[in-house]
Amino acid sequence: MIKVSIIGATGYTGSELLRYLIPHQDVELIHLTSRSHAGTQVTSYYPFLTGSIDLKFTELKPVTVFTDSDVVFICLPHGHSMELSALASTFDVKVIDLGADFRLKNIDVYEETYKVEQAAPNLLKDFVYGLPEKYREEIKHAQYIANPGCFVTSALLGLLPAVVHALIDPQSIIIDSKTGVSGAGRSASTDKLLTELLGNFKAYNPLAHRHIPEIEQELNNSSENTVQVQFTPHLIPTERGIFSTIYASVQDGITEGDIIESYKTAYQDEPFVHVLDKGELPQMKHVSGTNNCQLSVQFDERTGRLLVLSIIDNLGKGAAGQAVQNMNIMFGLPEKTGLNTIAMMP
């Protein structure tokens with residue numbers, strides 16, 4: 001059995017990890033830490049888990065957690081994983097960080113984007129970016145994983161085949177994304193009140209969202225030419241999900257057949273990425289509660305643009321589901337272990 005602990009288990013990402021890990025046949029949960037709820041029965045805080053788990057949240061004692069565990073998921077805001085990961089590196093334990101501290105390899109870009117010092121720069125080279133569809137072989141041998149951002153996952157899965165095969169103008173990319181409110185975390189704030197959200201729709205950080213450098217980093221790693229994106233996120237009044245509508249100008253001589261073949265080939269063996277047939281359009285409900293991504297790929301001959309519709313569950317493939325997928329790869333398990341959930345409809 002894989003001994004698993006979660007640092008920061010009382011947020012939405014932590015609860016989603018528990019939903020995947022409790023029935024996981026190869027996992028034994030060891031420590032579930034919480035700064036505010038240590039000593040509380042898990043089922044008292046998460047009644048939806050009643051009958052599924054008999055553990056209490058504990059205060060964080062890093063040495064104990066790293067000593068007792070085979071893998072630790074860190075579910076903390078940016079700036080809080082660096083010191084913990086540095087300590088973990090002195091133990092024989094794997095780390096999957098669901099925060100942003102090790103996603104950006106350029107220290108200056110990280111510090112400018114997140115306004116904190118990169119306090120563990122020596123570990124950057126050891127953290128593998130946890131997008132299995134791109135880095136599967138590296139993940140197999142990794143000790144440390146930087147789990148991708150939720151918007152980033154949706155954007156990358158929607159764009160990588162087109163960028164890798166130079167099907168589009170890399171300076172023409174526009175990503176228009178909508179997310180459910182769980183992407184903003186579980187902490188209370190006015191803009192997440194029902195009276196603020198219901199019937200509302202708004203954009204936020206359109207020119208300076210923290211995921212822009214991450215999207216560009218990974219696309220540039222896959223392109224011979226410099227990639228630049230326009231990214232605008234929107235908050236919509238639903239619990240979970242990300243719907244990204246992506247536009248880019250298609251290079252001269254590229255046909256719709258070239259585009260479709262590129263995407264079908266890229267994802268034909270991917271267990272969680274599904275390229276829909278022509279005429280089918282994805283919906284957020286179709287991936288809710290799963291680790292799946294659905295893509296609709298179309299070529300608008302009138303405008304010469306590629307149109308990609310990319311949907312994921314922000315807590316699933318955008319966070320906890322992808323983290324469990326990475327764990328499965330790291331420990332040599334079938335990738336779908338513990339992730340065979342079916343979308344919740346209606």
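The values are calculated or read from the model by the stated rules, or taken from the named source; none is laboratory data. Not measured: the values here are computed from a predicted model. A quick note on method: Cβ atoms are made from the backbone with ideal geometry, for glycine too, and the neighbour counts reach across all protein chains shown. Please note that ligands, DNA and RNA were not included when accessible areas were found on the heavy atoms of the full protein model with its side chains. Shrake-Rupley method; radii C 1.70, N 1.55, O 1.52, S 1.80 Å.
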**OP:** Read through the list (1) more than 30 Å from G14 (Cα to Cα); (2) open to solvent by less than 60 Å² (accessible area, probe 1.4 Å); (3) not small (G, A, S), then give the number of the only condition that Q230 fails.
**Re:** (2)
**OP:** Could you tell me whether E214 is open to solvent by 30 Å² or more (accessible area, probe 1.4 Å) and under 18 Å from the mean Cα position of the chain (by Cα)?
**Re:** no
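Are any of the residues in the stretch 84-91 assigned to a helix (DSSP H, G or I), out of contact with any strand residue (DSSP E or B) (no Cβ under 8 Å at 6 or more places or on another chain) and either touching a residue at least 60 places away in the same chain (Cβ under 8 Å) or over 22 Å from G183 (Cα atoms) (or both)? First the steps, then the outcome.
At the first step, the residues of the stretch 84-91 found to be assigned to a helix (DSSP H, G or I) are 84-88.
In the following step, the residues that additionally are out of contact with any strand residue (DSSP E or B) (no Cβ under 8 Å at 6 or more places or on another chain) were identified as 86-87.
Retained after the next criterion (residues that are either touching a residue at least 60 places away in the same chain (Cβ under 8 Å) or over 22 Å from G183 (Cα atoms) (or both)): 86-87.
So far as the stretch 84-91 goes, yes, one or more of its residues are assigned to a helix (DSSP H, G or I), out of contact with any strand residue (DSSP E or B) (no Cβ under 8 Å at 6 or more places or on another chain) and either touching a residue at least 60 places away in the same chain (Cβ under 8 Å) or over 22 Å from G183 (Cα atoms) (or both).
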Original post:
What residue, of I259, I246, is assigned to a helix (DSSP H, G or I), open to solvent by less than 30 Å² (accessible area, probe 1.4 Å) and among the aliphatic types (A, V, I, L, M)?
Top reply: I259
Subject >> In the stretch 136-169, the residues that are closer than 23 Å to L333 by Cα, in a helix (DSSP H, G or I) and open to solvent by 40 Å² or more (accessible area, probe 1.4 Å) >> reply: R136, E137, E138, K140
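Scanning the stretch 266-283 for residues that are outside any loop (DSSP other than H, G, I, E, B) and in contact (Cβ under 8 Å) with a residue 60 or more places away in the chain, which turns out most open to solvent (accessible area, probe 1.4 Å)?
A266
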Original post:
Looking at the stretch 302-313, is at least one residue out of contact with any Leu (no Cβ under 8 Å at 6 or more places or on another chain), open to solvent by 10 Å² or more (accessible area, probe 1.4 Å) and among the acidic types (D, E)?
Top reply: no
